[in-house]
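K.L.:
Structure provided below as C-alpha cells; questions to follow.
Any read-out appearing in this document is the output of simple, stated calculations on the displayed coordinates, not a laboratory observation. Model, not experiment: these values are computed from the prediction. Cβ sites come from the backbone with ideal geometry, for glycine too, and all protein chains shown count toward neighbours.
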Amino acid sequence: MARKITKVLIANRGEIVVRIAATLRAMGIGTVAVYSDADRDALHVRACDEAVHVGPAPARESYLRVDAILAAAKATGADAVHPGYGFLSENEAFAASVSAAGLVWIGPPPAAIRAMGSKIAARQTMEAAGVPVVPGVHDAGQGIEALVAAAERIGFPVLVKAAAGGGGKGMRSVWSPDELVEAIEGAQREAKASFGDGSVYLEKLLVKPRHVEIQIFGDQHGRVVHLGERECSIQRRHQKVIEESPSPVLTPELRAAMGAAAVKAGEAVGYVGAGTVELMLDERGGYYFLEMNTRLQVEHPVTECVTGLDLVRLQVRVAEGEPLPPTPELRGHAIEARLYAEDPTQGFIPQVGRLLRFRLPAMPGVRLDTGFSEGDEVTVHYDPMLAKLIAWGEDREHARLRLLAALGRWEVHGVVTNLEFLRMLVAHPSYAAGATHTGFIAEHWPDGVVAVPPSDDALMALAVAEALGLGAAAQAAAGNREGRASAVAVWQAVGTWRGVTGTGAP
C-alpha cells in the first residue's frame, strides 16, 4: 500500500548522510540527523533540518543504539528511516524494529537481509537458485582439523572468510598448508571481535580476478532489474579504492549474463530496494557469486553518472510503493576515487588532524561527495574515508583524464591523505590500459609506497615555515628516527603535500 514519506531520519553519519539529505531536500522531504559527541559540529548535522544527540563518540554507544535512534525518530515526528551504509544498514533486527515502530524502512525486507547476512547461507541460497559460486566448503564446521581437511580438498591457494560481516574483516589468503592454521585462527579472532561471530568458511582463492558487482533494484510489485556493473578491482586489504562503471572488459553478452545472474539472486530472496550482487570475474571470463550487500553502496555515484538516475530518490519511491521506472541505457563512463585520511608511506595507517584547507575547483563532469568541510576535525573514532571524487566522461579515457586533472587540483591540507597515491594509481599505464585485478596495488607496489626525498621547493617551504613560526610543527610532523624534517612534514605545516613514489609509479 502506497504511503507518502514526509520526514526521514538518516541513521548514519558523515558523507552518506549529506548525500541522502541533498536528495530528500530536492524531493521536499524533511530530514533528521543523529550525532555523537564527536560529531556535534559535523557537516552531516548541518546538512539536515533537525539533529538529535544519540550518545558518546564510540559507535556502539551512539550510532549502533537502536533504542536511541528510534527515540529520535519519535521525538522529531519522522515517518521513515534511511540507514545509509555501514552501522545498522544490514541489521535485520533494526529493520524489523523500524517497521514495528510504524515507520517506513527505506531498505530491503528483513528476510532478505537475513538471507544475505551470512555468507554461508547466501552461498547456499545462490547455489539453489542456479547462480555460480566460487568453489568452496561451507559445511566443515569450525574445528581446525575439519577446516584443514576442507582446504586440502579444495586445493591451495584458498581464502579463509568470515561468515558474517564484510569489509575484508576476518579474511585471509593462504598459499600453502603451513600458513593455514595461523590464518584460520587469526580470521576467527578478527571475525569474533568485528561481528560477534567467529565462524569462517573456505573458498578457492582466485588468482588475479576482477571484482565486478551488479547494481540491482527491486520494487514491491515483484520486479527486479539490474542497472549495469561497477568494477571495484583496485583494492588494498580488501577495501575498495577506485571504482568505475562500466567495467573495461565486459562485453554486452557478458554484461547481460552477469546481470541476469544478479537479478536471479535478487528474485531468490524477494528483494526490494537497492542492493548489490558482488561477483568475481576470472581471466577466462568465468564469474562467481561473492556476496550480496543489502544496502546502498559507497560507490553508487558511478552508477548514477552512467544511468542518469538518482538512486536515493529511487529508494524512497520504491519504499513508498511506486513501481520501478523503465531501465535506462548506460551512457559514458564514470570513475570514483576514495580519499582516505591515511599515510600510504606508513602502511596506510589512519591519520587524524584538522582540515586546514579542503577545496575542489569547479570542473565539468566532476562530482565531490563528502562529509567534511574546511576546518573540520578528523578523529580516531570512525572510518578514515574523507570523500569520494567522481568523474564522468564520454568514454573511459575521457573520464580518467578528468579525474586525474581534478585530483591534481584538489587542495587538501592539514591531514595526511592518500591523495598523491590516488594520482599515481589513476595515472599508472596499466590502469589506463584497463589491466586491473584485485592484486593490482600489491603487484605494482610490492615494496610499498615510499616518501621521496625533500626537493628544493620543499626545503624552501621549510624555511618559510620556520619564518612563520611553524618549524616545530613541521619537525613534529616529520618525526623520523633521525629527527629530520621531510618533504611531507614541510607541507603538512604549511599545507599538506604528499610526495610519494614506488616501484609501481609510472
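K.L.:
Which shape class applies to segment 7-158: rounded if a/c is under 1.5, otherwise prolate when a/b exceeds b/c and oblate if not, where a ≥ b ≥ c are the square roots of the Cα gyration tensor eigenvalues?
P.N.:
Details: a/c = 2.70, a/b = 2.22, b/c = 1.22.
Prolate is the answer for segment 7-158, as a/c is 1.5 or above and a/b outweighs b/c.
K.L.:
Using +1 on the beta carbon of Lys and Arg, -1 on that of Asp and Glu, and nothing else charged, what's the dipole of segment 210-444 about the Cα centre, debye to 20?
P.N.:
Working: 24 positive and 32 negative charges, 54 e Å.
The dipole magnitude comes to about 260 debye.
K.L.:
Using θ = phi - 60° and the Karplus form 6.51 cos²θ - 1.76 cosθ + 1.60, what ³J(HN,Hα) does each residue of segment 142-148 get, whole Hz, x for Gly and Pro?
P.N.:
Along segment 142-148, the couplings run 10, x, 4, 4, 5, 6, 4 Hz.
K.L.:
Continuing with the same structure: For the chain, what is Rg from Cα atoms divided by 2.2 N^0.38 Å, rounded to two decimals? Display every interim value, and only then the final one.
P.N.:
Working: Rg = 22.9 Å, N = 506, 2.2 N^0.38 = 23.4 Å.
After normalising by residue count via 2.2 N^0.38 Å, the value is 0.98.
K.L.:
Label segment 210-444 by shape, choosing from rounded, prolate and oblate, from the square roots a ≥ b ≥ c of the eigenvalues of the Cα gyration tensor; if a/c is under 1.5 it is rounded, and otherwise prolate applies when a/b is larger than b/c, oblate when it is not.
P.N.:
Working: a/c = 1.77, a/b = 1.45, b/c = 1.22.
Since a/c reaches 1.5 and a/b is larger than b/c, the shape of segment 210-444 is classed as prolate.
K.L.:
Around Arg284, with a cut-off of 12 angstrom between Cβ atoms, what is the net charge of the other residues, counting Lys and Arg +1 and Asp and Glu -1?
P.N.:
Details: positive: Lys208, Arg210; negative: Asp282, Glu283.
Neighbourhood net charge equals 0.
K.L.:
Report the convex hull volume per residue for segment 44-100, counting only C-alpha atoms, in Å³. Walk me through the intermediate numbers first.
P.N.:
Values: hull volume 5.1 nm³, N = 57.
Residue-normalised Cα hull volume stands at 90 Å³.
K.L.:
Could you tell me which of Gly371, Gly28, Val137 has its Cα farthest along the dipole of the chain towards the positive end, charges placed at Cβ (Lys, Arg +1; Asp, Glu -1), taken about the Cα centre?
P.N.:
Gly28
K.L.:
What is the order of Val131, Val352, fewest Cβ neighbours within 10 Å to most? Kindly include the intermediate steps, with their values, before the conclusion.
P.N.:
Details: Val131 23, Val352 13.
Ordered from fewest to most neighbouring Cβ atoms within 10 Å, Val131, Val352 come out as Val352, Val131.
K.L.:
Here's a follow-up. From the backbone phi of segment 114-120, what are the Karplus-calculated ³J(HN,Hα) couplings (6.51 cos²θ - 1.76 cosθ + 1.60, θ = phi - 60°) in whole Hz, Gly and Pro given as x?
P.N.:
5, 5, 9, x, 9, 4, 5
K.L.:
Any chance you could run the full-extension gain for Ala121 through Lys4? It's 0.36 nm times the residue separation minus the Cα-Cα distance, nm to one decimal. Could the numbers behind the result be given before it?
P.N.:
On the way: separation 117, 0.36 × 117 = 42.12 nm, distance 3.44 nm.
Here the segment from Ala121 to Lys4 would lengthen by 38.7 nm.
K.L.:
Is the shape of segment 273-393 best called rounded, prolate or oblate, per the rule: a/c under 1.5 gives rounded, else a/b larger than b/c gives prolate, else oblate, with a ≥ b ≥ c the square roots of the Cα gyration tensor eigenvalues?
P.N.:
Numbers: a/c = 1.79, a/b = 1.46, b/c = 1.23.
Prolate, since a/c reaches 1.5 and a/b exceeds b/c.
K.L.:
For the chain, what is the relative contact order in percent, using Cα pairs closer than 8 Å and at least 6 residues apart in sequence?
P.N.:
Values: 1126 pairs, mean separation 63.6, N = 506.
Relative contact order of the chain: 13 percent.
K.L.:
What are the residues whose amide H is under 5 Å from the amide H of Val378, where those residues sit 5 or more places off or on another chain and H is modelled from the backbone?
P.N.:
Gly353, Arg354, Leu355
K.L.:
Still on this structure, please answer the following. Check the chain and count each lysine pair with an alpha-carbon distance under 25 angstrom, considering only pairs eight or more places apart or from different chains.
P.N.:
Here the count comes out as 26.
K.L.:
Here is a follow-up. State the answer as a single residue: which of Ser245, Leu205, Ile349 lies farthest towards the positive end of the charge dipole of the chain, with beta carbon charges of +1 for Lys and Arg and -1 for Asp and Glu, about the Cα centre.
P.N.:
Positive-end residue among those listed: Ser245.
K.L.:
On to the next question. When the Kirkwood radius is taken over all Cα pairs of segment 72-219, what Stokes-Einstein diffusion coefficient follows at 20 °C and 1.002 mPa s, in µm²/s?
P.N.:
Details: Rh = 17.1 Å.
Value of D from the Cα-based Kirkwood radius: 125 µm²/s.
K.L.:
Based on the Kirkwood radius over alpha-carbon pairs, what is the Stokes-Einstein translational diffusion coefficient of segment 141-272 at 25 °C with 0.890 mPa s viscosity, in µm²/s?
P.N.:
Working: Rh = 16.7 Å.
Rounded, D is 147 µm²/s.
K.L.:
Please report, in debye to the nearest 20, how large the charge dipole of the chain is about its Cα centre when each Lys and Arg carries +1 at its beta carbon and each Asp and Glu carries -1 there.
P.N.:
With only Lys, Arg, Asp and Glu charged at Cβ, the dipole is about 680 debye.
K.L.:
List the residues of segment 193-234 whose backbone N lies under 17 Å from a point placed 7 Å from the Cα of Val148 along the Cα-to-Cβ direction.
P.N.:
Residues passing the 17 Å test: 202.
K.L.:
Please list, ordered by chain and number, the residues whose modelled amide H lies under 5 Å from the amide H of Val133; skip anything fewer than 5 residues away on the same chain.
P.N.:
Residues meeting the amide H criterion: Phe289.
K.L.:
Here is a follow-up. For segment 288-298, just list the computed ³J(HN,Hα) in residue order, Karplus coefficients 6.51, -1.76 and 1.60, θ = phi - 60°, integers in Hz, with x standing in for Gly and Pro.
P.N.:
9, 5, 9, 5, 10, 9, 8, 5, 6, 8, 3
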